[in-house]
Structure formats: C-alpha cells, structure tokens
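Working notes, beginning with the structure itself.
Any read-out appearing in this document is the output of simple, stated calculations on the displayed coordinates, not a laboratory observation. As the structure is a prediction and not an experimental result, all values here were calculated from the model. Cβ sites come from the backbone with ideal geometry, for glycine too, and all protein chains shown count toward neighbours.
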Amino acid sequence: MIRATGVPLASGTLFGGGLALGGMTDPARVRGFLDLFGAWDPTLAFVMGGAVLVMALAWQVQRRMQVPLFAEGFSLPERSDLSPALISGAALFGVGWGIAGLCPGPGLAALVIEPASAAIFVIAMLAGMGIARLIGK
C-alpha cells in the first residue's frame, strides 16, 4: 500500500473545483435544474451525466483491483436494503436540496465562493445532522 497523506486533500480540492466549475455551487442554477415545468435549466444534467460516466469507469477499474492504491481495503456498501430511515432521509435531502439549491458537497465548496450565504446553509446542515444523530439514539 502506498502511503499518501495528501490524497484526501487533493481529492476534496478536485471535487470542490469540479462542483464550482460545473455550476453546482450556484443555488439559482440548481433550482433552475429542478424546475421541470418552468424555466428548466438542463446544464446540470451534463454535470451529473459526466459524473455517472466517471463513476462507471471507476467501478470497472475497482473490479480489477485486489486492493486500493491508498488504503488497506475497499469500503464498499455491505447492505442493499431500503429502510424507512433511508427513504425518509433521502426525501428530506431532496426537499432541502430543492429549497436551498445546495447539498453538502456544493454547500461546502460554496463557502469559498460566497461565504456569507453558504455559511447559513452549512450551519443549518450541521444542526440537522446533530438533530438526526440525537433522534437516532
């Protein structure tokens, strides 16, 4: 295994840069994409399509690897069932994404671009995560 402490930072920076470049940090663009029956903005479909293609390629590469390059083992999902908590969490995520126009990754990336408005979202997101953790116990 190769030890690379800068890989998570480099990966996160690349991911955040891609989100910013793709317009995912612009809440108006995201809401425009979600407005299917109004002024629909299809540009984020291309961003998501590109992400799906990259992930499809990554899954093909992963299948051929015995161990990952920068870890001792793969961290793949071990469960495939749909629980009520997963479904309600996904629905809540979707509603929040539609209202705010941001989700966690773009919200954090937006802290660099528009710190004041993104900070409100990030604080609310962290509060929601804390509440969910309390409820789950």
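Just to confirm the filter: which trypsin sites (Lys or Arg not before Pro) across the stretch 1-103 are DSSP coil and have at most 14 other Cβ within 10 angstrom of their Cβ? Please list the in-between numbers first.
On the way: sites: 3, 29, 31, 63, 64, 79; in loops: 3, 79.
Answer in residue order: 3, 79.
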In this structure, the FRET efficiency calculated for residue 137 and residue 99 from their beta-carbon separation, with R0 = 30 Å, to the nearest 0.05, is 0.65
Across 30, 112, 61, the residue with the highest GNM fluctuation in the chain (Cα network, 10 Å cutoff) is 61
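Nearest 500 deg cm²/dmol is fine: what mean residue ellipticity at 222 nm does the chain get from its DSSP H runs of n ≥ 4 alone, each adding -39,500 (n - 2.57), divided by its residue count? Could you put the intermediate results ahead of the total?
Values: 6 runs with 94 residues, N = 137.
Rounded to the nearest 500, it is -22500 deg cm²/dmol.
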May I ask you to derive the FRET efficiency for residue 52 and residue 129 from their Cβ-Cβ distance with R0 = 25 Å, giving the value to the nearest 0.05? 0.40
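Treat the count of other C-beta atoms within 10 Å as a stand-in for reagent exposure and order 41, 26, 35 from fewest to most.
Numbers: 41 17, 26 20, 35 12.
Placing the least packed residue first, the sequence is 35, 41, 26.
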With helices defined as uninterrupted DSSP H runs, which ones in the chain have an alpha carbon span along their own long axis of at least 15 Å and mean Kyte-Doolittle hydropathy of at least 0.0? 7-21, 43-64, 84-100, 115-136
Calculated P(r) over Cα pairs in 10 Å bins from 0, in percent (choose from [x] 12, 42, 35, 10, 1; [y] 11, 38, 36, 14, 1; [z] 10, 29, 36, 23, 2, 0), label: [z]
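What net charge is computed for the residues neighbouring residue 107, neighbours being all others with C-beta under 13 Å from the C-beta of residue 107, Lys and Arg scored +1, Asp and Glu -1? The partial results should precede the final answer.
Details: positive: none; negative: 26, 114.
So the surrounding residues net to -2.
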